[in-house]
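In what follows, a single structure is set out as C-alpha cells and then discussed.
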Amino acid sequence: MTGARRSQGSGPESAASRLGATFQGAFPSEGEGRADAVGFLLLLVTLALTAAVDPPLAPLTILGRSHNGILGPVVGTRLVELFAFLTTFVTFFSRSSARPLRPLALPLAALAGVVVAGLGQLVPLPAGWLRIASPVNALIYHDARATLSQFGAALPSNRISIAPTETAGVLLVVLAAGALFLSAASLVRSRARLRLLAAVLFLSAAAGAARGMAEGFPGRPAGGADGCAARLEIAAAIGFAFVWAEILTGRARSTPGLDPSERIERRILPLAGRIAAWAGAGAGALVVASGSRSGAAAATIAAVLLPLAAILHARARRRWRAAFGLAAGAAAFAAAAYLLFGRPGTVGDLLRRDPAAANTASSAASIEAWRQFPIFGSGMGTFAEGFARVQKSATPERMREPGSDVFGWLVTTGAVGAALATLLASSVLFLLCRAWLRQKHREESAYALGGAGALLSILVQGLGAPVLTGTAVPIALAVLLGASWAAARAGSNEKEDFLR
C-alpha cells in the first residue's frame, strides 16, 4: 500500500516536466538572473547557427537561378560572429557580474598574444621594416606593386599578411571564439543552464556533422570528413558527460519501495538513452575519421581515456556499477562501429571516398613553406598563398588547406603564433583538468571532464588533419570549454548560485 501510494504521489517525472523545469531554471522570470537570460538565449542561438556553416546550407533554386541565401559561405560565418559578439556584449554589460578571470590569466594572455599577432599582420609597415621582419613578405609585396603599377592600379600597402582579407576573416573567428568562451564561463550559472547548453551543443554538433555526411563532404576540409569527425568528437565528449553524470547522480532517483517498472523508468531508461547518444556520436566520429590516422586516434582516445579517467577519479563511488555502465557503452560503441563500418557495402565504403583526402599537403612541403615565413608567418588564413611558393615541388594541384592544424598554424603565423597557440591550448587543458580533479560535485565534474576530453581529442586530430580551419568547430569547442570551466569552478565561491 505504501509502495502504491508512493508510486502515485511521487512517481517518476515525465520528460516534459523535466524539460520544463530545466527551461524554468535556465530562464528565471525574476531576480538578477533575468538580465543575463537574454545573453544565454543568444548563446544558444549562436550554437544553433553553427549547424549551418562548414559547409553552408546548399544553395536554393528560385526561378531557375541559384541563390546562396542568408547562410551562404561568407554570410553564414559573419552571422555566427555577429551573434557571438552580441552575446558577449549583452553578457558583460548586464547587471550580472562575470566570474573572476585571474585563474585564466595565462590562457587569456596567450589568446591576447594571438590576437595581437593577427593585428600585427594587418598593420601597414614601411618597406624597410617589413624587409627586416619578413624578407619574403617584402619581396612578394614588391613584386605585386611593380606589376600593378604597370596598369595604373592602386598599390597595396606593405603588410606581413600576403592576403589581408583572409587574415581579417580568421582573426574575427578567433575573437568570436574567445568572446564566446568568456560568455559561456559567465552565463552558465546553474545546473539547468549547464544541461540545456550541453544538449544544444550536442544537437548542433551532430546536426552539422550529419549535414556534411549527407552532402558528401563538400568544399573545404573544415566541412569535409575531418570537420565532420571533429564535430562528432565534440558530441561524443558531451555524450560521455551525459552518461557519467547519470551514473553518478541517477541513483538518487531510485528510492526504495519502487516497483520494477518505475525503477526501470527512473534509472535504466535515462541511462540507456545517454549511452546510445554517446555510442552513436563516438562510433560516427571513428567511422568518419577512418581515413585519417589522427582522427581515428582522437576518437579512440576519447572512447578509452574518458571512461578510464572517470572510473579512477578519487571521488567516484560504487565503481563496479560505473564500470558496468561504461562497459555497456563501450560495447554499444563497438557494435555501432561494426554495423556502420566493419561490413562491406555499408556507409564506411562511402565515407572513405572523401575528396578532401587528395588535398593533404606533405609534411616536408609544409616545412619548406614555413621556412619562407619562419617568424611571423604569411598571415592567418593564407596557407594557400604561402604554400603556393613551394607548390611546384610538392603536388601538381594547388593546395588550399594545410595537411594539419600544426603545419597550417606554422606557415600562417610563424614561430611566434605557433608558440602562443601551444601555450593557449596546453594551459586551458591543464587548468581544466586541475579544476576537474578538485571539483567535489559529481554532475559538474562529469561535464568538466567532458570538456577536457573534447579539447584533447581535437588537439590530437589536429596533429594530422585540418579541423580548426573553419568556423563551427572553433566556436563549438570554445563554448564547451567555457561551460566546462564554469562547471569545474562551481562551488569554489560561496556566492555562486550554480548548485541548484
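The values are calculated or read from the model by the stated rules, or taken from the named source; none is laboratory data. In this text, all values refer to a predicted model and were calculated from it rather than measured experimentally. Please note: Cβ atoms are built from the backbone with ideal geometry, for glycine as well, and neighbour counts cover all protein chains shown. Protein only, heavy atoms only, side chains kept; ligands, DNA and RNA dropped before computing areas. Shrake-Rupley method; radii C 1.70, N 1.55, O 1.52, S 1.80 Å.
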Exercise. Any idea of the accessible area per residue across region 366-465, 1.4 Å probe, to the nearest Å²?
Worked result: 41 Å²
Exercise. How much accessible area per residue does region 86-225 have, in Å², with a 1.4 Å probe?
Worked result: 45 Å²
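Order the peptides 225-235, 457-467 from the highest to the lowest mean number of other Cβ atoms within 10 Å of their residues.
225-235, 457-467
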Seminar exercise, completed: Burial-style ranking of 420-431, 202-213, average other-beta-carbon count within 10 Å with highest first, yields 202-213, 420-431
Seminar exercise, completed: Phi angles of region 130-139, converted by Karplus (6.51 cos²θ - 1.76 cosθ + 1.60, θ = phi - 60°) into ³J(HN,Hα) in whole Hz with x for Gly and Pro, give 5, 5, 6, 6, 8, x, 5, 4, 5, 5
Exercise. Tell me, what % of the accessible area of region 158-249 is carbon and sulfur with a 1.4 angstrom probe?
Worked result: 67 percent
Problem set entry | Order by protection proxy (mean Cβ within 10 Å, highest first), peptides 115-128, 439-452, 40-53 | 439-452, 40-53, 115-128
